[in-house]
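Working notes, beginning with the structure itself.
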Amino acid sequence: MSEQFKDQGGVATMDPSPLKRWVTSRLMTHLFSPSRVEKQHEKVESQRLKEGAPHKVEYFHQVDDGYSYLAAQVLAKFLSRYDVELDCHLVSAPAGKNVAEPELLSRLSRYDSHCVSSGYGLDFPAHEHELNEALVAQATAILAAQDAAGFSANAARVGHALWRDDAEALASLAEEIGTVSVEEAEQKVAAGTERRQQLQHYSGAMFYYGGEWYWGVDRLYHLEHRLTALGADRQATTNTLIPRPGLSVGDDKDDGRLTLEVYASLRSPYTSIIFDRAVKLARDAGVTLAMRPVLPMVMRGVPATRQKGMYIFMDTAREAQAAGVPYGKFYDPIGNPARRCYSLYDWADRQGKGVELISTFLSHAFAQGTNTNNDRGLQKVVEQAGLDWEQASKILGNGDWEPALEDNRLAMYDAGLWGVPSFRLLDEDGEALLSLWGQDRLWVIAQEIKRQVAARRAPVTDALQVNFE
């Protein structure tokens with residue numbers, strides 16, 4: 001790896017020994033297998049019944065977090081529908097190595113929450129600027145004064161006023177439902193943050209039940225399915241409060257004027273379960289697909305804690321199972337395996353097989369358990385992608401790929417993104433219509449493609465009428 005590339009973010013990660021790579025891979029495969037997770041659920045439920053305890057859900061609310069405001073809007077409905085005891089905690093923002101880019105995360109969370117809100121049937125106003133600190137403190141003091149019932153009933157009302165910078169509304173709420181001193185509010189936040197740490201998590205907008213974490217409205221459906229299976233759904237229906245929108249774009253297709261950029265890495269669990277669906281969406285919708293591979297975060301020096309890594313692998317397994325995507329037989333491709341495959345990407349792409357190379361590598365690393373750290377394993381990847389191994393072996397290990405991946409990383413950061421998988425939907429002039437991070441955001445891209453195609457094909461008279469109005 002060149003010194004220039006290291007300076008620009010390509011930190012040369014120490015590769016694990018073959019034994020450590022094997023042990024870690026086997027452990028992660030075991031820990032998050034569906035059968036083991038199911039046994040853990042059964043163990044928790046057996047203990048609950050033995051103790052005669054209620055279904056207890058804990059919710060962790062970060063007042064200045066957009067995702068927490070979205071979650072607050074479903075608390076009352078959740079409590080009404082499910083036979084649970086809901087404990088609500090106030091927490092501080094994630095800190096340290098659990099948040100790689102705090103400023104970018106704060107900005108993205110506001111933008112992202114606005115983008116997903118309508119698809120979930122929720123409210124989130126466009127809010128480009130940071131929240132007013134005094135209003136955040138006031139909102140925190142109001143919520144700190146609430147008991148469990150008052151919190152679930154009023155958190156959304158407080159968030160509605162806060163995210164509209166409505167000082168008058170917050171003052172009215174303080175008078176109506178109560179408030180506490182700044183010191184008391186800080187104590188409540190500290191206590192909630194400590195509780196979250198005891199349960200081994202780091203983020204806001206989190207639900208915790210029976211040893212498992214569920215992030216905000218995006219993962220609430222997993223918790224709902226679990227509670228329903230336990231007989232805790234008072235409505236006993238298959239519909240969830242916040243269903244995940246689908247990826248269909250309808251019958252109308254784009255004519256290639258829209259471009260979907262896909263930022264992917266070869267060591268990303270989340271990328272592995274969405275990559276093929278992203279490619280299929282682009283092809284089904286008729287949009288131009290632009291693949292922009294980047295170096296994995298940990299290989300470019302972005303810190304990650306064990307706590308965060310464990311949650312990511314668990315959550316990916318859960319999301320993959322819900323989507324019916326092969327996943328879980330893992331053989332860690334960090335370091336040398338990823339670099340070797342990247343060295344073949346441009347060669348494969350020039351043959352129209354770049355997408356296939358990434359797809360097959362991810363499948364072997366995350367679903368088939370292939371050791372891609374040796375020639376035998378990488379040969380399987382190359383040949384399954386429809387490429388010639390003899391040719392590949394002659395160029396394997398070159399460093400020509402480094403500048404292109406660095407350009408992709410810089411473009412990703414310029415868009416306010418830093419992790420993968422990330423997506424950018426561009427118009428025919430190359431201007432970004434959407435820039436989103438996460439495998440669970442592909443449905444937003446699909447909806448925008450559908451909207452753009454429909455708007456382009458709307459009658460001219462309708463367009464004129466809208467413009468004049």
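The values are calculated or read from the model by the stated rules, or taken from the named source; none is laboratory data. Quick caveat: nothing in here was measured; it's all calculated off a predicted structure. Positions of Cβ are generated from backbone atoms using ideal geometry, with glycine treated the same way; all protein chains shown enter the neighbour counts. Quick note on the areas: whole protein, heavy atoms, side chains included, nothing else; ligands and nucleic acids left out. Shrake-Rupley method; radii C 1.70, N 1.55, O 1.52, S 1.80 Å.
Share of carbon and sulfur in the accessible area of the chain stands at 50%, probe radius 1.4 Å. Helix-only arithmetic for the chain: the sum of -39500 (n - 2.57) across DSSP H runs with n ≥ 4, divided by the residue total, places the mean residue ellipticity at 222 nm at -17000 deg cm²/dmol.
Taking a ≥ b ≥ c as the square roots of the Cα gyration tensor eigenvalues, with a/c under 1.5 meaning rounded and otherwise prolate when a/b beats b/c, else oblate, which class fits the stretch 16-162? Judged from the Cα gyration tensor, the stretch 16-162 comes out oblate (a/c at least 1.5, b/c at or above a/b).
Too long at a 29 Å Cα-Cα cut-off: which of 56/329; 56/308; 20/50?
Pairs exceeding 29 Å: 56/329; 20/50.
Computed 3J(HN,Hα) for the stretch 118-130, one whole-Hz value per residue from the Karplus formula 6.51 cos²θ - 1.76 cosθ + 1.60 where θ = phi - 60°, is 5, x, 9, x, 10, 10, 7, x, 4, 8, 6, 8, 5, glycine and proline marked x. Rounded, prolate or oblate: pick one for the stretch 252-358, where a ≥ b ≥ c are the square roots of the eigenvalues of its C-alpha gyration tensor, a/c under 1.5 means rounded, and failing that, prolate if a/b is larger than b/c, else oblate. The shape class here is oblate. Potential lengthening of the chain between residue 132 and residue 198 amounts to 20.8 nm, from the contour at 0.36 nm per residue minus the alpha-carbon distance. For the stretch 85-93, backbone phi angles converted through the Karplus equation (6.51, -1.76, 1.60; θ = phi - 60°) give residue-by-residue couplings of 9, 10, 9, 10, 10, 8, 9, 8, 5 Hz, Gly and Pro being listed as x.
What does the extension gain come out to for residue 389 and residue 252, with contour length at 0.36 nm per residue minus their alpha carbon separation?
45.4 nm
Residue 403 sits among other residues whose Cβ lies under 11 Å from its own Cβ, and their net charge, with Lys and Arg +1 and Asp and Glu -1, is -4. The residues of the stretch 72-199 expose on average 48 square angstrom of accessible surface per residue, using a 1.4 Å probe on protein heavy atoms.
Which angle from 0 to 90°, rounded to the nearest 10, does the C-alpha axis of helix 354-366 make with the longest principal axis of the chain? Approximately 60 degrees, to the nearest ten.
Over the stretch 367-446, average the accessible area per residue using a 1.4 Å probe and give it in Å², no decimals.
Value returned for the stretch 367-446: 41 Å² of accessible area per residue.
Averaging the sequence gap over all C-alpha pairs within less than 8 Å and six or more residues apart, then dividing by the number of residues, gives the chain a relative contact order of 19 percent. Summarising the amide proton neighbourhood of residue 92: residues at separation of 5 or more, or on other chains, whose placed amide H is nearer than 5 Å comprise 193.
What range in the chain is the longest one free of trypsin sites (Lys or Arg not before Pro) that are in a loop by DSSP and have at most 14 other Cβ atoms within 10 angstrom? The partial results should precede the final answer.
Working: sites that count: 164, 234, 253, 457.
Counting only loop sites that pass the neighbour cut-off, the longest clear stretch is 254-456.
Note that the stretch 100-110 has calculated 3J(HN,Hα) couplings of 6, 9, x, 5, 5, 5, 4, 5, 5, 4, 5 Hz, one per residue in order, obtained from phi through the Karplus relation 6.51 cos²θ - 1.76 cosθ + 1.60 (θ = phi - 60°); glycine and proline are x.
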